[in-house]
Every structure is written in structure tokens, then in C-alpha cells.
Amino acid sequence: MEAPHSQATDATTRLTLDSPAETQELGRRIAKLLRPGDLVLLTGELGAGKTTLTRGLGEGLGVRGAVTSPTFVIARVHPSLTGGPALVHVDAYRLGGGLDEMEDLDLDVSLPDSVVVVEWGDGKVEELSEDRLHVVIDRVVGETDDDRRTVDVRGVGGRWRGAGIEGL
């Protein structure tokens, strides 16, 4: 993994992962930083590893149920088995209308008590919270047959300053 770097305004780190197992492990490490009310936006092309990372988040949060892609149901709720926050896993790929369409899912009701993870959420759900975690997963250029990914983790807002992102 590459050494983390930071920007003045947001807490940021960049990692290089070599396998789906490392992507899932990153999800478990991120889960240790999460608390009720956190919003996590996942960005990456199809097959980049967004659901794999979310599976690790679910394991780290100790939630019930297998974390699978919510593409056809739009959202899945995984209650905690450990007394922690539930994981609300949303796939906004088929939702084109931004926050208006997202409001139909009542995410603003779920947000205070849950960790809400939105795949394909960029440009659609940022208004739900001033504080949010953006995770961008990219395949390493020229290595499309490979499992290698670069992952940028950026915490936006005061909630994420000093939260430990740089140490992932």
C-alpha cells in the first residue's frame, strides 16, 4: 500500500489494493471509524469493488445478513448484531433524479441511527449530510485483467478531521 497523503481542507488517503480480499479488509478497517449518522459515498466503475468494500463494512460493523449488491431492490437494511448502527446499503445507479428520488427511500430518517452507504451516490445524496466519506475505487490503468485498485478515501466536513482516515 502507498503512503497516505493529506489535503488542507479534507482528511484524505490513497491506497493501492492488490485483491478483492484487501478491498474487503479495507472495508473492515473503515468500519472501525464509522458511527451512527455517517454517510459513505462509493464511486467506481462496474466491477470496481464497491460491493466488496461494503461487505467488509458490514463485517466490521457486525451486521446481520449477507451484503450483496442492492441493484434491483435499490436499498437493503442490515440490522446490527452487536448493538451498533444498522447498515443501510443503497444502489443509486438506476436513480437519475438526485435528492428528490432519494427522499422516497427515507434515507434522511435512517441516517441519524445508521451508517448509510450509497453506491453511485455522487451528485445525488451529498445534501443529506455536510459530513460524509467519499470512497473512489479505480482499476489501475493498464492492468484491466488484474485485481489491483487504487482507492481514494476522503472525509468531507469537520466530523472526519482527526478521525483516523490517514491511518487506513
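The values are calculated or read from the model by the stated rules, or taken from the named source; none is laboratory data. Computed from a prediction, not measured in an experiment: that's the story for all the values here. FYI the Cβ positions are ideal-geometry reconstructions off the backbone, even for glycines, and counts take in every protein chain you see. Note: accessible area is taken over every heavy atom of the protein model, side chains too, but ligands, DNA and RNA are not part of it. Shrake-Rupley method; radii C 1.70, N 1.55, O 1.52, S 1.80 Å.
Looking only at residues of the stretch 5-19 that are touching a strand residue (DSSP E or B) at 6+ places or on another chain (Cβ under 6 Å) and open to solvent by less than 70 Å² (accessible area, probe 1.4 Å), we find that the one that is modelled with the lowest pLDDT is Asp10. Restricting the stretch 122-145 to residues that are modelled with pLDDT of 80 or more and part of a loop (DSSP other than H, G, I, E, B) leaves a set whose member that is farthest from the chain's Cα centre (by Cα) is Glu130.
Okay, residues lined up against (1) more than 15 Å from Leu34 (Cα to Cα); (2) small (Gly, Ala, Ser); (3) modelled with pLDDT of 90 or more; (4) touching a Cys at 6+ places or on another chain (Cβ under 9 Å):
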{"site": "Gly58", "(1), (2), (3), (4)": "no, yes, yes, no"}
{"site": "Val77", "(1), (2), (3), (4)": "yes, no, no, no"}
{"site": "Leu81", "(1), (2), (3), (4)": "yes, no, yes, no"}
{"site": "Asp91", "(1), (2), (3), (4)": "yes, no, no, no"}
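When Asp152 is tested against (1) in contact with a helix residue (DSSP H, G or I) (Cβ under 9 Å, 6 or more places away or on another chain); (2) modelled with pLDDT of 90 or more; (3) of a type outside the set (S, T, N, Q); (4) within 13 Å of Leu42 (Cβ to Cβ), only condition (1) is not met.
Right, Arg64: modelled with pLDDT of 90 or more, open to solvent by 30 Å² or more (accessible area, probe 1.4 Å) and within 23 Å of Ala163 (Cα to Cα) or not?
Numbers: modelled with pLDDT of 90 or more: yes; open to solvent by 30 Å² or more (accessible area, probe 1.4 Å): yes; within 23 Å of Ala163 (Cα to Cα): no.
Here the answer is no, as Arg64 does not meet what is asked.
With the structure loaded, tell me whether Lys50 is modelled with pLDDT of 90 or more and open to solvent by 40 Å² or more (accessible area, probe 1.4 Å) or whether it fails that test. So Lys50 does not fit the description; no. Suppose the filter is more than 15 Å from the chain's Cα centre (by Cα) and either open to solvent by less than 30 Å² (accessible area, probe 1.4 Å) or of a type outside the set (D, E, K, R) (or both); does Gly155 pass it? In short, no.
Report yes if some residue within the stretch 20-34 is crowded, with 22+ Cβ neighbours inside 10 Å and part of a loop (DSSP other than H, G, I, E, B); otherwise report no. Checked the stretch 20-34: no residue is crowded, with 22+ Cβ neighbours inside 10 Å and part of a loop (DSSP other than H, G, I, E, B).
The residue of the stretch 94-121 that is modelled with the highest pLDDT, among those that are farther than 24 Å from Lys32 by Cβ and crowded, with 17+ Cβ neighbours inside 10 Å, is Trp120.
In the stretch 38-47, what residues are assigned to a loop (DSSP other than H, G, I, E, B) and crowded, with 16+ Cβ neighbours inside 10 Å? Show your work before the answer.
Going residue by residue through the stretch 38-47, those that are assigned to a loop (DSSP other than H, G, I, E, B) are 38, 44-47.
Of everything in the stretch 38-47, those that are assigned to a loop (DSSP other than H, G, I, E, B) and crowded, with 16+ Cβ neighbours inside 10 Å turn out to be Asp38, Gly44.
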